[in-house]
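The values are calculated or read from the model by the stated rules, or taken from the named source; none is laboratory data. Because the structure is a prediction, the values reported are computed rather than measured. Note that we place each Cβ from the backbone using ideal geometry, even for glycine, and neighbour counts take in every protein chain shown.
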Amino acid sequence: MTQAPQEHRTLQAPTEEELTRAGLRLAVEGPVARITIDRPERRNAMTGRTWTTLAHIGQTLSDDVRIVVIAGAGDIFSAGVDLGMFTPDGVEGERSIIAGLAEGETDDADLDAYIAGLQEGFLWLRRPDLVTIAAVRGHAIGAGFQLALACDLRILADDARFCMKEPALGLVPDLTGTKPLVDIVGVHRATEICLTARTVGAEESRELGLATLVVGVEELDGAVDDAIAGLLAVDPGAATATKSLLRQAEGNTLEEQCAAERTAQVARLKALVGAMTAGS
């Protein structure tokens, strides 16, 4: 699922107060947006508000933004979902997920809509007009693992650790992570990783294709900056068209993909000719 970049301009960007309440920081410098999960007191665990605010960020980013980097504050990416969400009291400012069920105030349709809203915080990271990078230090557990999986590139420090914890908690991964995990490692390995809830270290992640790159902890920021520089050197229109082609390739037959390539290339050739004409 992709979102057209022009669909979100009527909304106001989240305020600093809203970002803080969601446990997030946002810094935008020209074509690069950096999102930091910042709840160190909870090991960067995330809540429903974190994910709806992530969706809000995606809906209001400037069209000038081409690269989005997601990282965790300190030495951990994210401990996953804040388990307070499943207690009767919930987390501060958010009602417990189970409270409505226990009190008979929430039905299946309500829960479906609620989860769909949370998934929007992950889905926009697949947009063809963006390249998204997860910069992972330390543990990325459950929802943290799924957030990394939602990104196009995963650059890992050598202390990074992935874990799909949800089945061990009696839940399923429901934040868009199952498809990319299967796409990358195959259904059998994905089954083993999820149903054992074991830790996948940085080196194994590289072997399985979960990591785009693994570097030393002190080299992580530089590796991300190098990736950004390389990505920004590519024509933005060509980058968007190419990512769109790559995203649809797996679901297309060869004939369908060839046709999609032709259509995209015709558009690119016309754009190049138009640019040359305008510049002459």
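Does residue 22 satisfy being more than 20 Å from residue 171 (Cβ to Cβ) and either buried (at least 20 other Cβ atoms within 10 Å of the Cβ) or out of contact with any Asp or Glu (no Cβ under 9 Å at 6 or more places or on another chain) (or both)?
Spelling it out, residue 22 is indeed more than 20 Å from residue 171 (Cβ to Cβ) and either buried (at least 20 other Cβ atoms within 10 Å of the Cβ) or out of contact with any Asp or Glu (no Cβ under 9 Å at 6 or more places or on another chain) (or both).
How many residues does segment 14-48 hold that are out of contact with any strand residue (DSSP E or B) (no Cβ under 8 Å at 6 or more places or on another chain) and either of a type in the set (D, E, K, R) or part of a loop (DSSP other than H, G, I, E, B) (or both)?
10
Six or more apart or on different chains, Cβ under 7 Å: which pairs go from a residue in segment 256-280 that's under 16 Å from residue 236 (Cβ atoms) and basic (Lys, Arg) to one that's modelled with pLDDT of 95 or more and in a helix (DSSP H, G or I)? Could you list them?
Pairs that qualify, where the first residue is under 16 Å from residue 236 (Cβ atoms) and basic (Lys, Arg) and the partner is modelled with pLDDT of 95 or more and in a helix (DSSP H, G or I), are 268/237; 268/238; 268/241.
Quick one: residue 226 ticks every box in (1) of a type in the set (Asp, Glu); (2) assigned by TED's automatic domain parsing to the domain that holds residue 139; (3) under 20 Å from residue 149 (Cα atoms) bar one, so which box is it?
(3)
Going through 173, 180 one at a time, which residue ends up being surrounded by fewer than 24 Cβ atoms within 10 Å (Cβ to Cβ) and either under 27 Å from residue 18 (Cβ atoms) or among the aliphatic types (A, V, I, L, M) (or both)?
173
Test residue 82 against the criterion of being charged (D, E, K, R), farther than 21 Å from residue 126 by Cβ and crowded, with 19+ Cβ neighbours inside 10 Å, and give yes or no.
Taking the combined requirement at face value, the residue satisfies it.
Identify the residue in segment 181-201 that is in a helix (DSSP H, G or I) and in contact with a Phe, Trp or Tyr (Cβ under 9 Å, 6 or more places away or on another chain) and, among all such residues, is nearest to residue 135 (Cα to Cα).
181
Would you confirm whether or not segment 192-206 contains a residue that is of a type in the set (Asp, Glu) and within 14 Å of residue 156 (Cβ to Cβ)?
Scanning segment 192-206 turns up at least one residue that is of a type in the set (Asp, Glu) and within 14 Å of residue 156 (Cβ to Cβ).
Filter segment 78-95 down to the residues that are more than 22 Å from residue 19 (Cβ to Cβ) and assigned to a loop (DSSP other than H, G, I, E, B) and list them by number.
The answer is 87, 88, 89.
Any chance you could count how many residues in segment 96-114 are loosely packed, with under 15 Cβ neighbours inside 10 Å, modelled with pLDDT under 85 and assigned to a loop (DSSP other than H, G, I, E, B)?
Total satisfying the criteria: 3.
Among the numbered conditions (1) surrounded by 15 or more Cβ atoms within 10 Å (Cβ to Cβ); (2) among the small types (Gly, Ala, Ser); (3) in the same structural domain as residue 144 (by TED's automatic domain parsing); (4) within 18 Å of the chain's Cα centre (by Cα), tell me where residue 244 comes up short.
(3)
If residue 275 passes every condition in (1) more than 20 Å from the chain's Cα centre (by Cα); (2) in a helix (DSSP H, G or I); (3) modelled with pLDDT of 95 or more but one, which one does it miss?
Among (1) more than 20 Å from the chain's Cα centre (by Cα); (2) in a helix (DSSP H, G or I); (3) modelled with pLDDT of 95 or more, the lone unmet condition for residue 275 is (3).
Could you tell me which of the residues 68, 91 is at pLDDT below 95 and crowded, with 17+ Cβ neighbours inside 10 Å?
None of the others qualify; the one that does is 91.
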